[in-house]
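We did not get these values from a lab; they are worked out from the coordinates using the rules stated. It should be emphasised that the depicted structure is a prediction, and the values quoted were computed from it without experimental measurement. Cβ sites come from the backbone with ideal geometry, for glycine too, and all protein chains shown count toward neighbours.
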Amino acid sequence: MANQSRRKFMRNSVLGLAALPFGAGILSKTAFAQELPRLDPSSPTAQALNYVEVASDASDHPAYEEGELCSNCMFFNADNEGCQLFPENSVEPDGWCQSWTAKA
């Protein structure tokens with residue numbers, strides 16, 4: 001009788017461990033899709049990278065070229081409008097900063 005309980009416990013433990021990666025994947029996707037507060041263009045980090053909410057507002061910046069938008073930058077995450085350069089905030093998809101890099 002004790003052997004059956006031990007076997008049942010071991011089987012359930014193994015099944016639980018096998019299912020763990022699936023649960024973690026679901027939780028991480030939910031966490032990454034959370035809504036982020038919009039980046040304030042007047043924040044020190046945004047100003048350091050010359051971030052603007054409307055890309056054409058950066059037309060006088062030497063690094064800016066027409067057509068460069070946060071939404072087509074490699075650092076942009078469309079799921080939550082997040083940016084790897086501003087991990088705590090979302091950015092305006094039509095915005096721009098001097099670190100803009102084309103998606104590969």
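Distance between the pseudo-spin-label points of A48 and A78 (7 Å out from Cα toward the beta carbon): 3.0 nm. Peptides 81-91, 38-48 ranked from most to least packed give 81-91, 38-48, packing being the mean of other C-beta atoms within 10 angstrom over each peptide's residues.
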